[in-house]
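The values are calculated or read from the model by the stated rules, or taken from the named source; none is laboratory data. Everything numeric in this text was worked out from a predicted model, so none of it was measured. Please note: Cβ atoms are built from the backbone with ideal geometry, for glycine as well, and neighbour counts cover all protein chains shown. The accessibility values were calculated without ligands, DNA or RNA, using every heavy atom of the protein model including side chains. Shrake-Rupley method; radii C 1.70, N 1.55, O 1.52, S 1.80 Å.
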Amino acid sequence: MIGPVSYIRLDNLAFQPPPATSRRRRHPAFDTSPPPPPRPHDLSPPPCSEVGRKGIRASLRKALTTVTSRDASLSIPSNIVDGEVKALSASIRCITGSSVSRTFRDAYNCKVSTIRPLIRCFHASVEHLARRNDEPIGLKTPSRGKFVKRGTRTQPPVEARYVPPTLKRTAKSLPDRTVDIFEGMTIVELAKRTGESIRVLQDILVNVGEKVDSEFDPLSIDVAELVAMEVGVNVRRLHSNEGAKVLVRPAVVTVMGHVDHGKTSLLDALRETSVAAKEAGGITQHIGAFVVSMPSGASITFLDTPGHAAFSAMRARGAAVTDIVVLVVAADDGVMPQTLEAMAHAKAAGVPIVVAINKCDKPAADPERVRLQLASEGLPLEEMGGDVQVVEVSAVNKLGLDKLEECLLLQAELMDLKARIDGPAQAYVVEARLDRGRGPLATAIVKAGTLLCGQHVVVGSEWGRIRAIRDVVGKLTERGIPAMPVEIEGLRGLPMAGDDIVVVDSEERARMLSAGRKKKHEKNRLMKVDEEKIDTLDSSEEEGPKRVEMPVIVKADVQGTVQAVTDSLKTLNSPQVFVNVVHVGVGPISQSDVDLAQACGACIVGFNVRSPPISVSQAATRAGIKVKVHRVIYHLLEDMGSLIVDKAPGIFETHVAGEAQILNIFEIKGRSKSKGEDVKIAGCRVVDGRLTKSAVMRLLRSGEVVFEGPCASLKREKQDVDAVGKGNECGLVIRNFMDFQIGDVIQCLEQVNRKPKFISSESGAVRIEC
Ligand SMILES: Nc1nc2c(ncn2[C@@H]2O[C@H](COP(=O)(O)OP(=O)(O)OP(=O)(O)O)[C@@H](O)[C@H]2O)c(=O)[nH]1
C-alpha cells in the first residue's frame, strides 16, 4: 500500500564551500562568493562496514553532507524504493549540478577509482533504506529547487541554502518535454535538443553499451531514443521520406458522438458494406477495424472503437492514428454534452470532422435544428460557408451511407493523405488482447512503411518478433502496408492502445529499448500517482478528515477497456478517498491478482471478464478481498461508488436533535456525587425532537448561547433515563453549570457523521460529492 511521502530532513548542516580546485559546475548563487577555503581534512570516506548496521541513516547523512559540501536542507524521501537510487542521484545532481560520482570526486579532489568504496557506500545506504521500508512507492524525483543567497556582491554570502521544491512543484515535474529524434542524428544534435551536455550523453552511451568514436558519428534512432530516455525526455521519432516511394493511402476514420446517438449502429451498417463482409459472406469481423472499398477503387479504414476512451488514450500517447472523425448526432436529440466533448477531442487533436446527422428516419428528427446547434457551437459547416461536411443518414434504414462514404473520400482527398511504403514500418496499436492459444495479440494500423513477418519490434514498452500478421478477415499475410489494419502475433507482453510500433534491427536492441521504456514508464506512473494525490490534497487538508486510500486492481477483457475502467475509477477520487489503481491487467482474475490484493489490501474489479474460477473466488473470500465483476461500466462505477462511500471517514457535523424549555429550577444542597456540592436541576419540557443523556447540551438565553457542556444527569419522575421524547417533562443537570433561568432553552447536540454521496449525471458522468 502506498504510504504518505515522508522526508528525512538534513537541515542545519555546517556550510562547507566547495574546494578551490573543484571542477564542479557552480551554481550562480555561489559565483559571488570569495575563493572557498581549503577542503577540511576530516572528510574521510565512511567505512563501508557502517552500511547494513544501525548507522545506515547516519551514514547516509554523513555521505550526503560530504557530497553536497554545503548547507543542504535536502529532503530525502524515506520511502525510496529499490532501483530508485537514480532519483536520489538526480537530487544530488540538482544540488551540485553534477553527477554523484563527479560530486564525490570533486569533494575529495581525487580519482573516482580512489573513492569508489565511498560511492558504493552511498548507493548501498540508499538501497538498504529502500529495502527496509514498508512503503513501496511514492518517491518523486525532486525537481530543480532554487538556491537562496543571503549576502551581497561585496559581502560574501553568509548563508546559502538549498530550498527544496515544494511537494506540489515536485509532483508537477513529470517529464513533459518531447524532442524529435531521427535516424543518423549525432550526439551534438541530441545534446542540443535535450539540453544535456555532450559529456553526459557520451557517458550514457557507454552505459548502454554503444561505442561512438566521435561526437559527430551518426547514431541509430533506437540508440538516440535510449539516450534521450535516460536524460528524462520524451521522444518523437521522425522518419525521413527522402528517396522513398510515397503513395496515396486510405484515410483512417473514427466514429464519435453522444451516448445512444447511433455510433454502433452506424458502424454496423458501414461494416456491411465492408471488404470483410463481402469477402467472407458477412462473417464476424476479426479485429477492431474494417475497410470499406469504393467502386472507384479507393478505400476507407474504419476503427471499430466508438467512444472517446480509446481515442483519448491514443491521443495521450501522441498517436495520430485517426485522420478523420465522424461526429454522429441524433437528429431527434440534437447536440448533447458528449457531442461537444467529441468536438473538443477532434479539435485538440487537429483532426477534421465530418458530421453524420443520424436517425433521420424518426418522425421527431429535426436536422436543421442540429445544424444550427452545431454552428452555434462554433463548428464551421459547409452549408454556412465553412469546411465541415454534413450528411443526413439513418443507420437503421441504411440511408445516406454512400453519401457519407463519399464525403469521407472527399475529405481524405483534400487532406492529400500520402505515406511512404518502403522501409521500416511506423504503426500504432489500436487494440490489444490476450489469446489463450496465441498469446498477446495487437491490432495495429500501419501509418508508413511496411511491417513484415519476422521483424523484431518494440511496441510501447513491450517487445517481440512478429510471428504472424493477419488482415481484417483473419487471413495470414506477409506484410502490413499504410492504413492497413493488421493483427500481429509474437509479442512478449500486452501493449496498450495508442502504443507505437517500432521496427528494430535485432532482438538485443528490442530488449534494450523495451527495458528502457519500461523503466521510464514506471517512473512516470509513480510521479502521476503522486500528482493525482496532491491534486485533491489541498481541499482535504482544509476540511480535516484524513484522506484514506483505496487500492484497486483492475482486470478487463482488452487493453482499451482496462484503460477506460481505470480512467473512470479515477473520476471517483475525492478529498476523502483516493482511488489508487495499483495494478491493471487483461484477462480473467487469477490467483496472483488475489495474492497481490491481499498484499496491498486492494479490492479487485473485473470488467467484461469471466467470473474467477472457484478456487480463486474461495481464496479471495478467505482473504476477505472484495471482488466485483461487471459487464456494464455504469454498474461497476455504482458498485465502486458505494464501496468508496463506505470507506470514506465522513465529516462529523453537529446536529440539534431536540429542544426543551426550562419551566422550573430545583436546587439540592450537597448533592454533587464527587464533591458533595450543591446541584441545580433544570425542570424542562421537551418541545421538539428528543434529549439524550450521552449528548452535549447547549443553553440558550434570548437566542444567545450561554453555555455548552455534557449532560450530567437526565431523569423522568426520579428515574434515570437515557432519553426523553417530545412532549415529556424531565429533570436535567448540565456538568459544571448552575446558572439556569426559567424560560431558557436547552438544545441537545448530537454528532452526525456525514458520508460523501455517489452522484451520477444524465450524461453518465459520475463523481463523489463530499
Ligand atoms: N430510428 C432509428 N434508430 C436508431 C438509428 N441508429 C440507431 N438507432 C437506435 O438508437 C439506439 C442506440 O443506438 P446505438 O448504435 O447503440 O448507439 P451508440 O451511440 O452506439 O450507443 P452507445 O454505444 O451506448 O454510446 C438503438 O436502439 C438503435 O436501434 C437510426 O438511424 N434510426
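Please list Leu238, Leu372 in order of solvent-accessible area, largest first, computed with a 1.4 Å probe with all protein chains present.
On the way: Leu238 75, Leu372 115 Å².
Descending order: Leu372, Leu238.
Percent relative contact order of segment 587-689, based on C-alpha pairs within less than 8 angstrom and at least six residues apart? Spell out each step's value before the answer.
Working: 124 pairs, mean separation 19.5, N = 103.
19 percent.
Taking all protein chains in place and a 1.4 Å probe, what share, in percent, of the accessible surface of segment 336-462 do carbon and sulfur account for? Please report the intermediate quantities before stating the final value.
Numbers: 2980 of 5550 Å².
Carbon-and-sulfur percentage of accessible area, whole number: 54.
How large is the convex hull of the C-alpha atoms of segment 553-701 per residue, in Å³? Kindly include the intermediate steps, with their values, before the conclusion.
Working: hull volume 29.5 nm³, N = 149.
In segment 553-701, the Cα convex hull volume per residue is 198 Å³.
How big is segment 566-612 in terms of Cα radius of gyration and Dmax, in angstroms?
Here Rg and the maximum Cα pair distance are 11.6, 33 Å.
Just the accessible area per residue of segment 685-752, please: how many Å² with a 1.4 Å probe? Intermediate results must be reported in sequence, preceding the final value.
Details: 3870 Å² over 68 residues.
Per-residue value: 57 Å².
Looking at this model, which pairs from Lys362/Lys398; Lys263/Lys475; Lys347/Lys403; Lys263/Lys398; Lys447/Lys518; Lys647/Lys693 are more than 22 angstrom apart at the alpha-carbon? Don't jump to the answer; show the numbers that get you there.
Details: Lys362/Lys398 13 Å; Lys263/Lys475 27 Å; Lys347/Lys403 24 Å; Lys263/Lys398 13 Å; Lys447/Lys518 24 Å; Lys647/Lys693 29 Å.
As for pairs spanning more than 22 Å Cα to Cα, those are Lys263/Lys475; Lys347/Lys403; Lys447/Lys518; Lys647/Lys693.
So how do 362-370, 475-483 stack up, highest first, on mean other-Cβ count within 10 Å? Kindly include the intermediate steps, with their values, before the conclusion.
On the way: 362-370: 14.6, 475-483: 17.3.
For the peptides 362-370, 475-483, the packing ranking is 475-483, 362-370.
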